[in-house]
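Accompanying notes for the structure given below.
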Amino acid sequence: MYFCAIAKIMHATYKTHTLKFKTPSGTSRGVLNLKETWIITLKSQGKEGIGECGMFKGLSVDDRLDFETKLQWACNNIHLGLQPLLDELIEFPSIQFGLEMAFLSLHSQNNFELFPSEFTNGNASIPINGLIWMGSETFMKQQIKDKINAGFNCIKMKIGAIDFKTEIDLLKSIRKEFTSKDIELRVDANGAFAPHEALEKLKILSEFHLHSIEQPIKQGQVEAMAKLCEVTPLPIALDEELIGIFSVTNKLKLLQTIRPQYIILKPTLVGGFKGSDTWIQSAENNNIGWWITSALESNIGLNAIAQYTFMQNSKMPQGLGTGGLFTNNFKSPLYVSKGHLHYDSTKNWEINL
């Protein structure tokens with residue numbers, strides 16, 4: 001069902017779309033089979049703009065009972081313009097991001113070319129990591145082989161849901177064949193380690209010359225995370241820790257207290273482009289590295305994140321390889337080849353809602 005509002009010169013609608021995983025995807029928070037998202041469309045004077053509000057249930061700070069009420073409010077008040085809407089929706093970062101996309105799309109020459117660049121021209125690509133989902137040892141080994149054979153030189157492995165020894169054996173098997181110069185390994189614990197055991201596990205993991213570990217302990221344990229970042233033998237990247245931190249003052253306070261080696265930005269979870277901008281500036285001012293990743297959006301959101309990411313001129317592999325996970329994703333010019341995300345400007349979008 002569409003939900004509509006007619007303003008003086010602008011019409012806003014939204015519709016839900018349920019993405020279906022090709023293969024159930026395991027994380028430390030459970031197995032994912034479906035991912036609901038919300039597509040917002042703006043129409044004004046014969047032009048159309050489209051954006052995605054990809055709220056992530058169980059993770060997003062705006063996973064609230066009034067989420068769709070606020071999305072409807074945004075449609076009803078679209079005439080206010082982007083900045084007043086963003087100000088009002090500070091606690092709804094995924095709606096902020098969807099609106100940013102939609103307004104950029106509305107005012108672009110091509111609905112989906114939000115940040116024209118060498119990437120959207122097809123002359124440049126973005127290095128990305130290959131994502132290994134949790135599952136049985138056999139399943140994870142096969143994923144690793146597939147990613148390496150596909151030309152990835154950076155692999156990110158989800159850990160924390162199966163036996164730790166089995167995960168260590170997997171890392172050991174990779175390092176027997178590939179050194180850290182051949183394959184960059186990242187692991188993501190999604191907060192699976194208890195604070196009292198985290199340091200010992202990090203010491204064991206560091207033996208495999210990993211690039212970093214994401215969110216070793218659950219978010220919200222600021223003192224424990226700060227102590228861990230101070231003594232860790234393995235670079236730590238904050239991920240979920242950034243969710244729900246809205247003001248620049250509080251972002252700076254968090255980074256200066258914890259002092260992580262890296263932060264990971266998911267625009268859907270941190271307030272879109274503007275939210276990501278303030279995190280990047282705060283991180284760089286404190287000599288903290290960063291990279292950007294998607295949060296299981298459809299290709300509409302992934303496209304926006306990829307174009308924004310390219311404009312940041314980061315040479316690190318980014319986390320933007322999730323577009324191929326779904327059976328019913330929207331057809332787009334995005335494609336992955338040899339560990340890079342590319343944009344084929346000769347291909348058309350197909351949006352069927």
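Scan K35, K70 and give me the residue that is assigned to a helix (DSSP H, G or I), at pLDDT 90 or above and in contact with a Leu (Cβ under 7 Å, 6 or more places away or on another chain).
Working: K35 fails: assigned to a helix (DSSP H, G or I).
One residue alone meets the criteria, K70.
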Out of S125, S105, I need the residue that is modelled with pLDDT of 95 or more and either closer than 30 Å to R64 by Cβ or hydrophobic (A, V, I, L, M, F, W, C) (or both). Which one?
S105
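Would segment 226-233 turn up any residue that is in contact with a His (Cβ under 8 Å, 6 or more places away or on another chain), at pLDDT 95 or above and assigned to a loop (DSSP other than H, G, I, E, B)? Show your work before the answer.
Going through segment 226-233, the residues in contact with a His (Cβ under 8 Å, 6 or more places away or on another chain) turn out to be none.
No, every residue in segment 226-233 fails to be in contact with a His (Cβ under 8 Å, 6 or more places away or on another chain), at pLDDT 95 or above and assigned to a loop (DSSP other than H, G, I, E, B).
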Can we say L210 is under 26 Å from the mean Cα position of the chain (by Cα) and more than 19 Å from P317 (Cβ to Cβ)?
no
Are any of the residues in segment 265-282 over 15 Å from the mean Cα position of the chain (by Cα) and among the hydrophobic types (A, V, I, L, M, F, W, C)?
no
Residue hits (segment 83-123; outside any loop (DSSP other than H, G, I, E, B), free of Cβ contacts under 8 Å to residues at least 60 places away in the same chain and not hydrophobic (A, V, I, L, M, F, W, C)) are Q83, P84, D87, E88
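I174: more than 25 Å from the chain's Cα centre (by Cα) and over 29 Å from G272 (Cα atoms), yes or no?
Numbers: more than 25 Å from the chain's Cα centre (by Cα): yes; over 29 Å from G272 (Cα atoms): yes.
So I174 passes the test.
Has segment 231-252 got at least one residue that is touching a residue at least 60 places away in the same chain (Cβ under 8 Å), charged (D, E, K, R) and surrounded by fewer than 21 Cβ atoms within 10 Å (Cβ to Cβ)?
Initially, segment 231-252 is screened for residues touching a residue at least 60 places away in the same chain (Cβ under 8 Å), giving 240, 243-244, 246.
Filter once more, keeping what is charged (D, E, K, R): 240.
Then keep just the ones that are surrounded by fewer than 21 Cβ atoms within 10 Å (Cβ to Cβ); that gives 240.
So far as segment 231-252 goes, yes, one or more of its residues are touching a residue at least 60 places away in the same chain (Cβ under 8 Å), charged (D, E, K, R) and surrounded by fewer than 21 Cβ atoms within 10 Å (Cβ to Cβ).
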I'm trying to understand the selection: among the residues of segment 260-294, which are more than 18 Å from A237 (Cβ to Cβ) and hydrophobic (A, V, I, L, M, F, W, C)?
F273
For segment 212-225, enumerate the residues that are over 11 Å from L238 (Cα atoms) and touching a Phe, Trp or Tyr at 6+ places or on another chain (Cβ under 9 Å).
none
If the Cβ limit is 9 Å and pairs must be 6+ apart or interchain, which residue in segment 147-172 that is within 24 Å of G339 (Cα to Cα) and in contact (Cβ under 8 Å) with a residue 60 or more places away in the chain pairs with which residue that is among the hydroxyl-bearing types (S, T, Y) and buried (at least 22 other Cβ atoms within 10 Å of the Cβ)?
K156/T293
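The values are calculated or read from the model by the stated rules, or taken from the named source; none is laboratory data. Not measured: the values here are computed from a predicted model. Heads up, the Cβs are rebuilt from the backbone with ideal geometry, glycines too, and the neighbour counts pull from every protein chain shown.
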